[in-house]
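Quick notes on the structure that follows.
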């Protein structure tokens, strides 16, 4: 009869085996040294190349993808609430919602929803200060029907007063909820503090939703000014070729009217430049701290822009490895989260700063740590290891933004609207990887001034 090994025997065997494996590994350091000595070249981003067409003045991008029987079409229209006077703010903000949920000339909202569900068509509508965007996704076999229906939503909205009233009620409810969210409230107040009476500083309130300001005629006027051919960029991805799409896209573009009068330019903001501390007293368990000052760094193919991008990642945009989170959370225990911001618009100054939430009793020392962290980066450059980690994070994250053809085309539509070079995606990846610690230090010295921060505590 075979005897059963004792527990001690088993442990002895296991211990011997573990020790043996460890010793074998340790006896051959040359292999480990060889691995550590390997040098890797810069990551290379190979930009997919959509086909570029022009139809009746509208720019059209097409990137084929036959992996699934699906087609996505996205539209971007130059124009948004930032191009118009304050009295049109609500209607410009509400236009995407009315395009999606307000029905069309021939279809009630309920009828429209039934058709979208029946043909498995997905749509989205959104807005920013400078543009309105929409997208449509459908099965390839349903694409002609889907494109026609989506085109009707874009070009022939109903703007019935009862649907406007529904949207107004929802907005009033959202305003009440917004006041109960400390972070949302703090950011809106901070924007108002820095930008004043500029579209960036605007925040919807009850006065914007007066019935006289959101009647059907005002929606129609905003729609006429924005949803027109000269403002439009189209992006198409999916299971079709240009020969399949051309006639259909030609028909869609022809339904979009030519622009009558040109849109006004977005005004250049007069950003607050005086340092100061502002406190809004609210009975909250956590204090929200937001600080920033203007920055002249612009989105451009320029080392300063790439250095600022890396600087932001090192300061607070890089998660657990960033300076701010390390100092505020790991070392001091003042905050669970903290981050930095460095906005880089194309036409006007952006902001550089930081934000966190903390116990109200720790608000002052937390601010001191944030300012000291910024000052340290002004006094000496980041380590090569910090920069290497930041570069890897940014480049890898950048590549993951282009996992699908739809993401690629969406990005290229954005860059096309901002007049960036056609090979911007390649330039960005290369520019990030070429930045040195000294260049990051220089951008901190030239563009980050802790003593000039406008600080808001809520």
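The values are calculated or read from the model by the stated rules, or taken from the named source; none is laboratory data. These figures come from a predicted structure and were not determined experimentally. Ideal geometry is used to build each Cβ from the backbone, glycine not excepted, and the neighbour counts take in all protein chains shown.
Just checking, does region 97-115 include any residue being in contact with a helix residue (DSSP H, G or I) (Cβ under 7 Å, 6 or more places away or on another chain), under 26 Å from residue 405 (Cβ atoms) and surrounded by 21 or more Cβ atoms within 10 Å (Cβ to Cβ)?
The answer is yes; a qualifying residue exists.
What's the number of the only condition in (1) farther than 30 Å from residue 56 by Cα; (2) in a helix (DSSP H, G or I); (3) more than 25 Å from the chain's Cα centre (by Cα) that residue 185 fails to meet?
Checking residue 185 against (1) farther than 30 Å from residue 56 by Cα; (2) in a helix (DSSP H, G or I); (3) more than 25 Å from the chain's Cα centre (by Cα), the one that fails is (3).
So which residues in region 253-266 are touching a helix residue (DSSP H, G or I) at 6+ places or on another chain (Cβ under 7 Å) and over 30 Å from residue 347 (Cβ atoms)?
Selection gives 255 alone.
For region 167-185, what are the residues that are at pLDDT 95 or above and surrounded by 15 or more Cβ atoms within 10 Å (Cβ to Cβ)?
Matches in region 167-185: 167, 168, 171.
Kindly establish whether residue 300 is in the same structural domain as residue 382 (by TED's automatic domain parsing), under 24 Å from the mean Cα position of the chain (by Cα) and either modelled with pLDDT under 95 or part of a loop (DSSP other than H, G, I, E, B) (or both).
The answer is yes for residue 300.
Limited to region 303-333, what total is found for residues that are at positive phi and assigned to a loop (DSSP other than H, G, I, E, B)?
1
Restricting to region 395-424, and then to whatever is touching a helix residue (DSSP H, G or I) at 6+ places or on another chain (Cβ under 8 Å) and within 16 Å of residue 302 (Cβ to Cβ), can you tell me which residue is surrounded by the most Cβ atoms within 10 Å (Cβ to Cβ)?
Filtering region 395-424 for residues that are touching a helix residue (DSSP H, G or I) at 6+ places or on another chain (Cβ under 8 Å) and within 16 Å of residue 302 (Cβ to Cβ), the one surrounded by the most Cβ atoms within 10 Å (Cβ to Cβ) comes out as 424.
Considering (1) modelled with pLDDT of 95 or more; (2) in the same structural domain as residue 69 (by TED's automatic domain parsing); (3) in a loop (DSSP other than H, G, I, E, B), say which one residue 271 fails and leave the rest.
(2)
In contact (Cβ under 8 Å) with a residue 40 or more places away in the chain, surrounded by fewer than 22 Cβ atoms within 10 Å (Cβ to Cβ) and either under 28 Å from the mean Cα position of the chain (by Cα) or in a helix (DSSP H, G or I) (or both): is that true of residue 243 in this structure?
no
If I filter region 392-416 down to residues being closer than 17 Å to residue 313 by Cα and at pLDDT 85 or above, which single residue comes out as nearest to the chain's Cα centre (by Cα)?
Looking at residues that are closer than 17 Å to residue 313 by Cα and at pLDDT 85 or above, I get 394.
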